[in-house]
Each structure stands twice: as C-alpha cells, then as structure tokens.
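Beneath this line is the structure, given in structure tokens, with notes to follow.
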C-alpha cells in the first residue's frame, strides 16, 4: 500500500491543490489527513470541500477543527489564532461542520497509528517538540510508526536499540527493530523555516517514507487572508515559513 499523509492545511487552498496535483503522479492507495483543515487561512469551506471529494480519505481532527465546532476551548489559543477561529466559525457551511464533526482523534492502520498532536491525552493536543516528548510517547503505541502533525515542522524521532535520536531526512528507510514518530510537516503553514508546503508518502511495501516540499502561490494565499480581514501576521508568516 502507498499512503499520502498530510496535515495542517489551515484553509490554504492553493497549497492543498498543488500537493494533490503532485500526487496525481503517484499510485496512491489511501489519503490520510492528520488534522487542522481550517484556521488561519481564508478558504476553510473550499478546503473541506476538496477533502470531502478525495477518494479513500481517512482523516482525524486537529485542535482548530475541534475549536470551530465547539469541541475544544478557545482559551487554548493565542489572540491571533482565536480571531481566525471566530472568523472561520462565522463562515463555515453546514456541510463543512458536518464533515469536521465526523473526524476522530486517532486512527490505527496495519503497522502504524495516526494522531494530530500526541497520543498522551489526544483530546488535549499536546505538542511533541523535543526528543524528551517523543520518548514519553513511544510507550503509548504498539505499532512501528506513529504519524503526527500539529507543530508544522517536519521531524523524525527514532527509537533504536533503546536509544532515541532526531532526524530531518527527506527520505527514510523503515528498519526492522526500529520504531518511529514521524511529523509530516504542514501543507498550509510550514514553521520549519522552509516556506514550501510539506507532506509525505509512505510506501509500506518498500518500507520507505518520502517527504515532498513544493512551492505554491504564497502571494495569492496571503492576499486572500488580508482581504478577508484576518490578522496580517497570518499572511506574512507564510513567506517566512515560521
């Protein structure tokens, strides 16, 4: 099986379309979305519409998705993010709300598991930011791989022979005897100082995870954010990738 695994679109329609267009060249068996379709960006309904039409999509909920349907407190967010959530709530269609309400917090597949932030209290959306956080999460799943998003940064935490390490490799061979927590980065708002969208393809037959970084029309996305009356900082950070 070949899986396209992506996260944190955040209403960025331009980036999502580029990512899916690139995947037309791949023989993808299943699309796995790790949460946060909405928030920050100006096209939440359009993004949800694209996701709803994807064949064989398996999705989970992110903290922004939960916040806009009143399943996660607004007090968790900084003022800029909170303003974007309130704006998003005002324009979401019934179809979009219904889709977001169907998303679970965790999905398990053969050989791997998916969660937005952390398997520790997944409903609280804790971050895995350091090796110490990853170390505490490895005992919480039995599968070889856990795919995550939430931090918007591509990272690979590896447990091998009792030792923990961090990698930012663009291509990863899944080795026998090793276990992994793989952050797939962000489609719509990368924060690892690379403004190109990021996602990965997991080929379980060949035991290979390949990351893709692609350019998209940041200018168009940023202009939409400003035109919608959302905080200008949400547009400017797209250029910085941080």
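General observations
- By the beta-carbon count within 10 Å of each Cβ, the least crowded to most crowded order of 151, 93, 75, fewest first, is 75, 93, 151.
- Neighbour counts of other Cβ atoms within 10 Å put 72, 199 in the fewest-to-most order 72, 199.
- For the stretch 144-242, the pair-distance distribution built from all alpha carbon pairs, in bins 5 Å wide starting at 0, is 3, 13, 21, 20, 15, 10, 8, 6, 4, 1, 0 percent.
- Beta bridges assigned by DSSP with both partners in the chain are antiparallel in approximately 70 percent of cases.
- For the stretch 2-240, diffusion coefficient by Stokes-Einstein and Kirkwood Rh (Cα), 10 °C, 1.306 mPa s, µm²/s: 90
- Between the alpha-carbon centres of the stretch 146-224 and the stretch 24-98 there is a gap of 20 Å.
- Full-stretch length increase - residue 94, residue 26 - with 0.36 nm per residue and alpha-carbon distance subtracted: 21.2 nm
- Helix-only mean residue ellipticity at 222 nm for the chain, each DSSP H run of n ≥ 4 adding -39500 (n - 2.57), per residue, nearest 500: -8500 deg cm²/dmol
Computed from the coordinates by the stated procedures, all read-outs in this text should not be read as laboratory data. What you see is a predicted model; the values in this text were computed from it and never measured. Reconstructed Cβ throughout: ideal geometry from the backbone, glycine too, with neighbour counts over all protein chains shown.
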